[in-house]
């Protein structure tokens, strides 16, 4: 019988139209071998589902919630108001968005006492990396994977810098 691995990170979004952006969080968590769950929870269309999701998250073993939303983008803040788990908000530039600024400000401008860590517009990959870094504080294996990841980025930039300077061929 296969061992069931409980998700540590919940990735939620207000609409299925956000999936193309939020998939990047799932992809990077998968790369780091961090178990996650992915679902739709609308603050406006399914408020009771939102309350149930947030209030049961800790008991279900989640450690962090990544919440993406566009437009009015209330989902991350409302989730944060219902749990003590860290919430990472991903502002999504949606079809009804004002160049994404409405989403950014809705998530960023939380009142004192209800923090939401906010990444850049459509930056679900960064949200996944931040979630992994938070979990890596108490997981040395994950922490080492992050060190390797950061070193690979550094090496890639240095290789490109040398190429531009004429010091290296592709």
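Assorted remarks:
- Options 91, 76, 115: the member that is in a strand (DSSP E or B) and at negative phi: 91
- Of 146, 130, all but one fail to be at negative phi, in a helix (DSSP H, G or I) and not assigned by TED's automatic domain parsing to the domain that holds residue 88; the exception is 146.
- Failed item in (1) in a loop (DSSP other than H, G, I, E, B); (2) surrounded by fewer than 21 Cβ atoms within 10 Å (Cβ to Cβ), with residue 49 passing the rest: (1)
- Hits in the stretch 54-73 - residues which are in contact (Cβ under 8 Å) with a residue 12 or more places away in the chain and assigned to a loop (DSSP other than H, G, I, E, B): 57, 58, 60, 61, 62, 63, 71, 72, 73
- Single residue of 69, 73 found to be in contact with a strand residue (DSSP E or B) (Cβ under 9 Å, 6 or more places away or on another chain), at pLDDT 95 or above and in the same structural domain as residue 132 (by TED's automatic domain parsing): 69
- Residue tally, condition over 13 Å from residue 122 (Cβ atoms) and without any contact (Cβ under 8 Å) to a residue 60 or more places away in the chain, over the stretch 75-100: 14
- Residues of the stretch 31-46 that are farther than 26 Å from residue 143 by Cα and part of a loop (DSSP other than H, G, I, E, B): 41, 42, 43, 44, 45, 46.
- None of 63, 20 is surrounded by fewer than 14 Cβ atoms within 10 Å (Cβ to Cβ) and under 27 Å from residue 150 (Cβ atoms) except 20.
- Within the stretch 133-143, considering residues that are out of contact with any helix residue (DSSP H, G or I) (no Cβ under 7 Å at 6 or more places or on another chain) and in a helix (DSSP H, G or I), the one nearest to residue 91 (Cα to Cα): 134
The values are calculated or read from the model by the stated rules, or taken from the named source; none is laboratory data. Keep in mind that this is a model prediction, so the values were computed, not measured. All Cβ positions, even for glycine, are placed from backbone atoms using ideal geometry, and neighbour counts span all protein chains on display.
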